[in-house]
Amino acid sequence: MRRILALGFLFLPLLACATARVSGLDRAMRDDLQEARQMVQTGHYRQAIDDLSMVLELNPRSEEARLIRAVAYQALEQFPEAIQDYETVIKQNPKSSKSYYNLGMIYAFKMNEPKMALTHFDRFLSLEPQHARSIQVARIMCSIDSTGADSGL
């Protein structure tokens with residue numbers, strides 16, 4: 001029993017170091033995400049993409065990093081990359097209304113794929129019926145639907 005207690009006391013400081021390192025990494029990652037968000041807001045998209053790609057190498061499941069990177073790709077009109085990031089977020093979090101909204105906008109106005117736009121807008125409205133942009137999205141959907149999205153046009 002004494003041997004077990006002694007080992008416990010030996011490993012306790014190591015556990016504390018590991019915990020401090022993890023919280024330090026979390027803090028650094030939060031700082032990186034905040035900096036990347038600011039880069040996107042100020043139009044430094046390429047740098048934000050590069051930084052966020054490094055963050056995602058360390059933590060591929062970071063929804064926030066992937067969303068910010070998708071927005072940067074979208075701003076650079078690199079739509080296939082933006083779509084891929086948004087789709088990855090949706091696979092990880094099927095309730096990501098931001099991803100559905102942005103995919104709807106890309107498909108409606110950039111990729112000329114009305115059926116895909118309607119699908120993503122519908123999911124957005126299902127998740128966020130009271131969102132400030134819900135009326136705008138509903139109008140876009142009516143516009144797309146009246147132009148013949150169901151007929152394949």
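A Förster radius of 35 Å, combined with the Cβ-Cβ distance separating Thr119 from Glu57, puts the computed FRET efficiency at roughly 0.70. Rounded to whole Å, the principal axis extents of the Cα atoms in the range 17-145 read 57, 27, 23, largest first. Using 0.36 nm per residue and subtracting the Cα-Cα separation, the extra length available between Arg133 and Asp50 on full extension is 26.8 nm. Computed extension length for Ser97-Gln84: 3.1 nm, one decimal, from 0.36 nm per residue of separation with the Cα-Cα distance subtracted. The charge dipole of the range 50-116, taken about its Cα centre with unit charges on the Cβ atoms of Lys, Arg (+1), Asp and Glu (-1) only, comes to about 360 debye. With the simple model of a label 7 Å out from the Cα in the direction of the Cβ, Asp26 to Ser143 spans 4.4 nm.
Leaving ligands, DNA and RNA out of it, report the carbon-plus-sulfur percent of the accessible area of the range 22-71 at a 1.4 Å probe.
That fraction is 51 percent.
The values are calculated or read from the model by the stated rules, or taken from the named source; none is laboratory data. All figures in this text were calculated on a predicted structure; none of them were measured in a lab. Here the Cβ is made from the backbone with ideal geometry for all residues, glycine too, and neighbour counts use every protein chain on show. Remember, those area values only see protein heavy atoms, side chains included, never the ligands or the DNA or RNA. Shrake-Rupley method; radii C 1.70, N 1.55, O 1.52, S 1.80 Å.
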